[in-house]
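To start, the structure under review is shown below, and the notes come after it.
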Amino acid sequence: MSGIAANRAFDSGGMEPFDGSADRVRLFAMAARESRRVRRLRLMLPALGALLCVIVIVATVVTRISISLSIGDLKITAEGLAMDAPHLSGSDGKGRTYTVSAESAVQDLSDTRIIRLKGIEASVIQVDGSRANLLADSGVYDSAAQTVVLKENIRLKNSDGSGGLLERAAIDLATGSLTSDSPVAFSSRLGEISAEKMGVEKQAGTVTFSGGVRMTVNPGARSGDTGKMPSAQPEPSDRNGSAPISSP
Amino acid sequence: AEQTGKLPPNSYQGLGMSSNQPIQFESEQLEVHDQDKTAVFIGHVIVRQGETVLKTDRLVVYYQGSPTGEGPQQVSRLDAKGSVLVTSAAQTASGDAATFDTAANTIVLTGNVVLTQGDNVIRGSKLLIDINTSQATMQGGRVQMLIAPKSLDAKG
């Protein structure tokens, strides 16, 4: 007899009490109550499971950040827990989608808040479809301080042809500010700028270049004008970080 | 007293006033304030375009559109402050401050202004240069004009 049928058999209505003695009836009634409780429990558990799912879904919908994290295989290496090809993607609810991936991410066993990343690639797609890509050879993510420090050969390429080259960038994920204490170079079809240091304060909406700044503006280049483009992608060969200045 | 003189044609064409040549900026520091659409160059500021060079301690550039290049790029005004020196072809003009109005196409220098051309020197408190008409008008206070004698004979 399958579980459900056996249960109904226990149901008090379906069975005559034996020779009517009171304690046997009492015993039997207790058993029946027991089985009802068990049946209620058996029904409740799946309901609880479903409820949990709903909560999780509601939570993500409420925070409107759907994060999907997929990781290649996971292995313990000398330096720490290594994740192969982690890939994080999500949307910020205002229509901007972002993806961050790395060739490898190693969590430092001595300090698990530190994750060392190799071969980082991040891209942000704006509502209007314009796209910004950031590539860096290596970086360190500190989950306690909520900072990402990118190192080595940081390249910024945007869909409108503008680009940038940095050697180091410290990003504060909480305030959205970025600072670089080594040479930076940016170019777009309207001109180029290079400096020894740079700081971006997102909330204040200010960008500060310092330590010696050189900038070239092409007044001739209208926004739609695709005339002589300054070197939109500063040649990586330009190692000292300063973009070439087009002589007038 | 007002002293008006004709400038050589298309002098001061530079500084993004009307020529399309690239403008080069150099300074120790640059702050871009996107909220009030200003870019402030600080420290040994040099701006070059074609023949024209501007040197000053501090230059505020007022622009429209976004600094990263989307949307129309318009520099509406430049304000230079502190030991301003504008040199162009055979002319130099210096003063304490200068304002370049790209809409009106004028440069206004103020604060013990000295305009020199070759050996000729004109001093005054305010110099208005109209790029379209190449007209320079020195105004205010005692306008001193020093004309080197030989420069009169040389040119008719």
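A few points about this structure:
- For A:Arg26, the solvent-accessible surface computed with a 1.4 Å probe is close to 150 Å², ligands and nucleic acids excluded.
- Residues of the range A:177-213 with amide N under 20 Å of the 7 Å Cα→Cβ point at A:Ala145: A:177-183, A:197-203
- Under 5 Å between amide hydrogens, built in the peptide plane, is the criterion, and for A:Arg168 it picks out A:Ser182 among residues at least 5 positions away or on other chains.
- Taking both sides together, the accessible area buried where A meets B is about 1900 Å² for a 1.4 Å probe.
- Residues of the range B:96-115 with amide N under 15 Å of a point placed 7 Å along Cα→Cβ from B:Thr38: B:98-100
- Heavy atoms of B:Ile147: accessible area, 1.4 Å probe, square angstrom to 10: 60 Å²
- Viscosity 1.002 mPa s, temperature 20 °C, Stokes-Einstein D of the range A:81-217 from Kirkwood C-alpha radius, µm²/s: 135 µm²/s
- For the residues of A:203-210, the average number of beta carbons from a partner chain within 10 Å of their own beta carbon is 6.
- B:Ile42 sits among other residues whose Cβ lies under 9 Å from its own Cβ, and their net charge, with Lys and Arg +1 and Asp and Glu -1, is -2.
- The accessible-area ordering, largest first, of the residues B:Ile23, B:Ile42 stands as B:Ile42, B:Ile23, per a 1.4 angstrom probe.
- Electrostatic tally near A:Ala174: other residues with Cβ closer than 13 Å to its Cβ, Lys and Arg +1, Asp and Glu -1, net -2.
- Counted residue by residue at 0.36 nm each, then reduced by the alpha carbon distance between them, the extension gain from A:Lys202 to A:Val127 reaches 25.1 nm.
- Peptide B:29-36 has a mean shielding of 6, counted as Cβ atoms of other protein chains within 10 Å of each residue's Cβ.
- Here the range A:81-217 has 58 percent of its accessible surface on carbon and sulfur atoms, given a 1.4 Å probe and all protein chains in place.
- Total formal charge among the other residues, if their Cβ is under 11 angstrom from that of B:Thr106, Lys/Arg +1 and Asp/Glu -1: -1
- With 24 Å as the limit, the listed pairs A:Lys202/B:Lys37; A:Lys151/B:Lys37; A:Lys118/A:Lys157; A:Lys94/A:Lys197 have A:Lys151/B:Lys37; A:Lys94/A:Lys197 beyond it between alpha carbons.
The values are calculated or read from the model by the stated rules, or taken from the named source; none is laboratory data. If you're wondering where the values come from, they're calculated on a predicted model, not measured in any experiment. Ideal geometry is used to build each Cβ from the backbone, glycine not excepted, and the neighbour counts take in all protein chains shown. The area values use the complete protein model at the heavy-atom level, side chains included, leaving out ligands, DNA and RNA. Shrake-Rupley method; radii C 1.70, N 1.55, O 1.52, S 1.80 Å.
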